[in-house]
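So the structure is just underneath, and the comments pick up after that.
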């Protein structure tokens, strides 16, 4: 519950949360941080991340240091911005693929350089598509034949359905093609160009010619 006291409009993300999947250790650590820093609001975002809000300004730098948060924009690093995922076949009766290890693997990809802009990933273990994979920069949707890889989706002010790059992919094939697609994007797109605008400019045939 949010206190009625007026709090500063500060925020700090909680790193290391894998696609919103929390262990007992994660919950204990979060509780400890909230208590020690007297954090009035913990927000679960639409991206399955946790943000601490209303931290006193004199405490926020100490918290960032403790959480080992790096400075700079998400697109100044050679990694994706975040990955969100459904529970997958281990926890959902509709799931055709396991998602936890896939989300960790995608977040762990080290690309050839900094990305042009932030890249959001949505991983859905079935065609119900709970993680809205068709409107993410990188989308994975599981089918019986394997993963469908989607690129160039956007759910912001100018929504765009992503383009189907390939389907019938194994876990390893999907991961390799994601890495190849993002490396092509980072060496070809202009700085601060989201993947949706990039795909509108080059088209799916040109992308496939360079990554398949």
Per the filter on segment 6-38, residues assigned to a helix (DSSP H, G or I) and either assigned by TED's automatic domain parsing to the domain that holds residue 99 or closer than 29 Å to residue 86 by Cα (or both) are 24, 25, 26, 27, 28, 29, 30, 31, 32, 33, 34
Can you report the number of residues in segment 61-89 which are surrounded by fewer than 17 Cβ atoms within 10 Å (Cβ to Cβ), modelled with pLDDT under 95 and at negative phi?
14
I'd like the residue in segment 134-185 that is part of a helix (DSSP H, G or I) and free of Cβ contacts under 8 Å to residues at least 24 places away in the same chain and, out of all such residues, is surrounded by the most Cβ atoms within 10 Å (Cβ to Cβ).
176
When residues of segment 27-60 are limited to those that are at pLDDT below 90 and surrounded by 11 or more Cβ atoms within 10 Å (Cβ to Cβ), the one farthest from residue 155 (Cα to Cα):
60
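Is segment 48-55 home to any residue that is outside the structural domain of residue 187 (by TED's automatic domain parsing) and under 25 Å from residue 147 (Cβ atoms)?
Within segment 48-55, the subset outside the structural domain of residue 187 (by TED's automatic domain parsing) is 48-55.
Those left that are additionally under 25 Å from residue 147 (Cβ atoms): 48-49.
There is at least one residue in segment 48-55 that is outside the structural domain of residue 187 (by TED's automatic domain parsing) and under 25 Å from residue 147 (Cβ atoms).
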All conditions in (1) closer than 17 Å to residue 117 by Cα; (2) touching a strand residue (DSSP E or B) at 6+ places or on another chain (Cβ under 9 Å) are true of residue 169 except (1)
So is residue 83 part of a strand (DSSP E or B) and assigned by TED's automatic domain parsing to the domain that holds residue 174 or not?
yes
Hits in segment 186-212 - residues which are closer than 24 Å to residue 142 by Cα and surrounded by 19 or more Cβ atoms within 10 Å (Cβ to Cβ)
195, 196, 199, 207, 211
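Give the residue that is surrounded by the most Cβ atoms within 10 Å (Cβ to Cβ), with candidates limited to residues of segment 116-127 that are in contact with a strand residue (DSSP E or B) (Cβ under 9 Å, 6 or more places away or on another chain) and either assigned by TED's automatic domain parsing to the domain that holds residue 49 or not in a strand (DSSP E or B) (or both).
Let us first name the residues in segment 116-127 that are in contact with a strand residue (DSSP E or B) (Cβ under 9 Å, 6 or more places away or on another chain), namely 118-127.
This time we only want the ones that are either assigned by TED's automatic domain parsing to the domain that holds residue 49 or not in a strand (DSSP E or B) (or both), so: 118-119, 125-127.
On the way: 118: 17, 119: 25, 125: 28, 126: 19, 127: 13.
The qualifying residue surrounded by the most Cβ atoms within 10 Å (Cβ to Cβ) is 125.
Would you pick out the residues in segment 40-61 that are part of a helix (DSSP H, G or I), in contact with a helix residue (DSSP H, G or I) (Cβ under 9 Å, 6 or more places away or on another chain) and touching a residue at least 24 places away in the same chain (Cβ under 8 Å)? So that I can check it myself, show each step before the final result.
Kept after step one, since they are part of a helix (DSSP H, G or I), are these residues of segment 40-61: 57-61.
Going one step further and asking which of them are in contact with a helix residue (DSSP H, G or I) (Cβ under 9 Å, 6 or more places away or on another chain), we end up with 59-60.
The answer is 60, and nothing else.
The values are calculated or read from the model by the stated rules, or taken from the named source; none is laboratory data. The model shown is predicted, which means the values in this text are computed figures rather than measured ones. Note that each Cβ is placed from the backbone with ideal geometry, even for glycine, and that neighbours are counted across all protein chains shown.
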